[in-house]
Structures are given as C-alpha cells and as structure tokens.
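Since every read-out is calculated from the coordinates, none of them should be taken as a lab result. Computed from a predicted structure; not experimentally measured. As a convention, Cβ positions derive from the backbone with ideal geometry for all residues, glycine included, and neighbour counts pool all protein chains shown.
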Amino acid sequence: MNDRPLRLVVIIGSTREGRFGPTVARWFTGEAQQHADLDVDVLDLAEAALPDRLTGFADPPPPEVAAVAPRLASADAFVVITPEYNHSYPAPLKTLIDWHLAEWQAKPVGFVSYGGMSGGLRAVEHLRAVFAEVHATTVRETVSFHGAWARFGEDARPLDELECSAAAKTMLDQLAWWADALRTARALRPYNAG
C-alpha cells in the first residue's frame, strides 16, 4: 500500500482567446483539492504552447514538449477539462496526447466538459477512443455543464453548486480508486503496451 498522495494532473484543453475553460478549471481544481488523497497540478495548454507539428520518431522533442513530459509522467491520474468544438474536442488536446505515449499508459482519465446543448459530451466520447489507443483507462462518471456560460454566477461558481460538487466528488472518487489500483499494479508489474 502506497501512502503517497495520488498525483492528479488537471488539463485545461482550450487555448482559444476569451475561453471559458479557466473558469471551469478553477472551480473543479478547488473540488479536487478537497479530496484528501489527491495532489493537484494544473496544466494549462495555453501556457504550455506545444507545437502542433510533430518531429520524426528518432528526433528529440522540442523544449515545450520536454517541459510537459515529466509532469505527465509523474501523474497517477488525469482530468481533462474540455469544451466541444464542432462535435469534438480542441486540437491542442490532440496535440498534447500525440506528443506523449508512455506518460498515459495504465493511468485513469476523467473528464469535465462544457458547451452548449450537449455540454461537451460529444468531445468526451471522442476522447475516450483516443485515450484507449494510448492505453489509458477512462472512468465512466463525468462532470458536464450544458449551456455552461449560464450555469456559473458572477463569482465564477456554479449556480447549482451542491449538485455540481456531488458530481465532481463521484467522478473523483471513481478516478482515485482507479489511480490507486493502477499505481499499485504498475509498481508490482511494469505495464507492457506490447
């Protein structure tokens, strides 16, 4: 049994000018920090500024990618905060995923999505398939904000805060269970992606 807190990397997936993601992320990060067994690190892709052109397989990664890799590698779990763009997720998220491989393997991923009518859930469904390909495990429970801009007050908190906090706790509990189980499994037997 490992008593070290589980390292959770929360990824803000939107880099768009005037984006709503940081509002959602601030609220969610506060919820995650209340989870006693989680150590939270926020990775904002707008600040990471990863190049969208991948290098050749044998070439070293650019400095921006090299700076992010250790943060992902040290994670026990991830939460992706994503909007929905044209029924899918933003390109910077795919860029982040594609720059890395071993960093995702045998680790759980949860989702907080936001958007219009669908609340970003179509983006989440697309991301599930992508994360399966890099050998990550996505958890079933999600937190979703339909019509997100009207769901937060002037204090940048959800208007139905109790309900939203309950949804976040459910997802974080599930994520922490998987993170602990997979961390233990990786320690006992290193994961082989084949």
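Under a crude label model (7 Å from the Cα following the beta-carbon direction), how far is N2 from A66 in nanometres?
2.6 nm
In nm, to one decimal, how far is the M117 label point from the E17 one, both placed 7 Å along Cα→Cβ?
2.9 nm
What are the ³J(HN,Hα) values, in whole Hz, obtained from phi via the Karplus relation 6.51 cos²θ - 1.76 cosθ + 1.60 with θ = phi - 60°, for each residue of the stretch 102-114 in sequence order, with x given for Gly and Pro?
Using θ = phi - 60°, the values come out as 4, 4, 8, 5, 6, 10, x, 10, x, 10, 10, 10, 8 Hz.
What ranking of D76, D52, D39 emerges when the number of other C-beta atoms within 10 Å of each C-beta is taken as an exposure proxy, fewest first? Each step should come with its number before you reach the end.
Numbers: D76 24, D52 10, D39 16.
Sorted ascending by nearby Cβ count, the order is D52, D39, D76.
Gain in length, L101 to D59, computed as 0.36 nm per residue apart minus the alpha-carbon separation, to one decimal in nm? Let's see the in-between values first.
Details: separation 42, 0.36 × 42 = 15.12 nm, distance 1.50 nm.
Length gained, L101 through D59: 13.6 nm.
Hey, can you grab everything whose amide H is under 5 Å from the amide H of G115? Only 5+ residues off in sequence or another chain; H modelled, so Pro and N-termini drop out.
For G115, whose amide H was placed from the backbone, the distant partners under 5 Å are G120, F145, G147, A148.
Could you list the chymotrypsin sites (Phe, Trp or Tyr not before Pro) in the stretch 1-90 that lie in coil according to DSSP, counting only those with at most 11 other Cβ atoms within 10 Å of their Cβ? If you can, show how the numbers build up before the last one.
On the way: sites: F20, W27, F28, F57, F78, Y85; in loops: F20, F57.
In loop regions of the stretch 1-90 (DSSP not H, G, I, E or B), the sparsely surrounded chymotrypsin sites (Phe, Trp or Tyr not before Pro) are F57.
Write out the GluC sites (Glu not before Pro) in the stretch 98-155 meeting two conditions: DSSP loop, and at most 15 other Cβ atoms within 10 Å of their Cβ. Spell out each step's value before the answer.
Values: sites: E103, E125, E133, E141, E154; in loops: E103, E154.
Sparse-neighbourhood loop GluC sites (Glu not before Pro): E154.
Quick check: pseudo-label points 7 Å beyond the Cα along Cα→Cβ at A36 and W149, how many nm apart are they?
About 4.1 nm separates the two model spin labels.
Does the chain come out rounded, prolate or oblate, given a ≥ b ≥ c as the square roots of the eigenvalues of its C-alpha gyration tensor, rounded meaning a/c under 1.5 and, failing that, prolate meaning a/b above b/c?
Working: a/c = 1.77, a/b = 1.21, b/c = 1.47.
Judged from the Cα gyration tensor, the chain comes out oblate (a/c at least 1.5, b/c at or above a/b).
What does the charge count near I12 come to, summing +1 for each Lys or Arg and -1 for each Asp or Glu among other residues with Cβ under 9 Å from its Cβ?
Numbers: positive: R19; negative: D44, E47.
Summing Lys/Arg as +1 and Asp/Glu as -1 gives -1.
With a sphere of radius 15 Å drawn around the Cβ of A132, what net charge do the other residues whose Cβ falls strictly inside it have (Lys, Arg +1; Asp, Glu -1)?
Values: positive: K94, K107, R128, R140; negative: D98, E125, E133.
Result for the local shell: +1.
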